[in-house]
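Structure record follows, encoded as C-alpha cells.
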Amino acid sequence: MGIKNLTQLLTQKCSVAINERNLESYRGMVFGVDTSLYLYKFLHRNGDHIHGFVKMICRLLQNQILPVFIFDGSPPEEKDGVLKERRKRKLNLVYRKKKLELIFIILKEKRNEKLNIDDYERRVIELFKENNMDEETDIISYYNKSIKEMKFEIEKISKKIIYIRDYHIDICKKLFEYMGIPYINAPCEAESYMAYLCKKRYIDGCISEDTDVLVNGGTLFLRNFLPEKNTVDEYCLDGILQTLNVNYDEFVDICILSGSDYTPKIQGMTSIHAYEYIKKYKTIENSLKNLRNVPTDFNYVRARQLFKNPLYGIDISDQSFDFKICKPNMEELILFIKQNSNIKTSYIEKNLMNYYFDMSAPTI
C-alpha cells in the first residue's frame with residue numbers, strides 16, 4: 001500500500017515538512033477520510049469497527065473538524081497484480097492458522113494424555129494428512145508451547161485475516177447517516193479521489209495512512225490519526241516539494257521509480273536512489289537509459305496518468321461537493337449502536353448534540 005519506502009525519503013530529506021500538530025490547528029476545516037483503510041484498522045484492533053468510527057468522528061467533531069468519509073470505487077486494472085498478491089498472502093495466513101489450530105488440538109491431548117514428543121509428532125502428522133495439509137517442518141518447536149502461548153499465536157494470525165464484506169460497508173453508511181456525517185462513493189480508489197477533491201479545494205485535506213495521497217496531489221495529508229489522541233502527523237506537499245527542490249512532475253516520477261501499486265518493482269531501487277536519479281536526470285525516460293533490471297512491463301506512462309488524473313474518462317457531473325453536517329438522529333443512533341457495537345453510548349448521548357451545534361453555528 002502506498003509508495004514503497006517513501007516515508008524513508010521524506011524523513012531523511014525533508015523532515016521539516018512533516019510536523020506533529022494538534023487537531024485544534026484544523027478547526028473549521030473539512031477533511032476527507034480514507035474509509036476502507038480505517039475500516040481495516042478498526043476491525044484488526046478489536047473486531048468492532050463501529051466503535052472505532054464513533055470515536056473517530058467524535059474526536060474530529062470535538063475539534064470542529066468535519067469528516068467526509070470516502071468509500072472505494074473500482075481499482076484500475078494495473079493494480080490487479082498487487083491485489084492478487086494480497087489475496088495470496090491472506091490465503092496463506094488462513095492455511096497457517098488452520099495448521100496451528102490442528103497442532104493446538106494435539107497439544108491439549110498431550111496435556112491430558114501425557115504424550116511424549118514422538119507420539120505428539122505422529123498425531124500431528126496424521127491430523128494434517130486427514131485435513132489434506134502439508135507436513136509442518138517445525139512441528140517439534142511447538143511441543144513445549146503452553147496452551148496460552150498457542151492461543152496467542154492463533155489469535156495474532158486471526159487478526160491479520162480480515163475480509164471487508166458489503167455488510168461492513170452498509171453498516172458504516174448507516175452509522176454516518178444517523179450521526180449526520182457526509183460520505184461519498186468514489187468513482188475510483190478512495191485515496192486518489194480524496195486527493196483530487198483536495199486539489200480542487202472541495203475539501204481542505206486528507207486523513208489516511210496511504211502515501212499515495214501525496215503522489216495524487218493531496219496538498220495536506222494527515223497521518224497517524226488515532227481516536228484516543230489529539231495529535232496527528234501533518235505532511236505538507238508544497239513543503240515537501242520545496243525541501244526536495246523538485247516540482248510535482250518530478251516528485252511523481254520519484255515515486256513511480258521507488259515502486260508503486262501500478263508498476264512492478266525495479267530490483268535494488270529505493271526511494272533514496274529514485275530521488276537521486278530524478279535529481280540528476282529529471283525524468284524517468286532519462287533515468288531508464290542509465291538503469292538495469294527494469295521490468296519489460298514497467299508502464300510508467302500509465303502510472304503517471306493514474307497518479308495525476310485518476311478520473312480520466314470518468315464523469316462526476318452528478319456528484320455534489322457541498323459537504324455539511326446534519327442533525328444527528330439520536331434516538332435511532334443510540335439504538336443502532338447498542339445493536340451493533342460494544343461501545344458505551346453515554347459519551348455520545350452527553351456530547352454529540354453539543355458538537356453538532358458547535359459545528360453548525362454561523363461563524364462571525
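The values are calculated or read from the model by the stated rules, or taken from the named source; none is laboratory data. Predicted, not measured: the structure shown is a model, and the values here were computed from it. Every residue, glycine among them, receives a Cβ derived from its backbone with ideal geometry; neighbour counts consider all protein chains shown.
Structure notes:
- Taken together, 240, 254 contain a single residue that is more than 20 Å from the chain's Cα centre (by Cα), closer than 14 Å to residue 2 by Cβ and of a type in the set (A, V, I, L, M, F, W, C), which is 254.
- Against the test of being modelled with pLDDT of 95 or more and under 16 Å from residue 322 (Cα atoms), the options 207, 203 yield a single qualifying residue, 203.
- Taken together, the residues in region 181-216 that are of a type outside the set (Asp, Glu) and either assigned to a loop (DSSP other than H, G, I, E, B) or farther than 22 Å from residue 17 by Cα (or both) amount to 17.
- Tally, over region 306-320, of residues that are surrounded by 13 or more Cβ atoms within 10 Å (Cβ to Cβ), more than 18 Å from residue 278 (Cα to Cα) and not aliphatic (A, V, I, L, M): 3
- Only one of 237, 175, 226 that is in contact with a Lys or Arg (Cβ under 9 Å, 6 or more places away or on another chain) and outside the structural domain of residue 111 (by TED's automatic domain parsing): 226
- Matching helices (runs of 4 or more DSSP H) fully within region 1-106 where at least 3 residues are assigned by TED's automatic domain parsing to the domain that holds residue 192 and over 15 Å from residue 208 (Cα atoms): 35-46, 49-62
- Of the helices (runs of 4 or more DSSP H) lying entirely inside region 283-364, those carrying at least 1 residues that are within 15 Å of residue 57 (Cβ to Cβ) and either within 26 Å of the chain's Cα centre (by Cα) or outside the structural domain of residue 266 (by TED's automatic domain parsing) (or both) are 330-340, 346-360.
- Subset of region 251-271 that is hydrophobic (A, V, I, L, M, F, W, C) and in contact with a Lys or Arg (Cβ under 8 Å, 6 or more places away or on another chain) - its residue that is surrounded by the most Cβ atoms within 10 Å (Cβ to Cβ): 256
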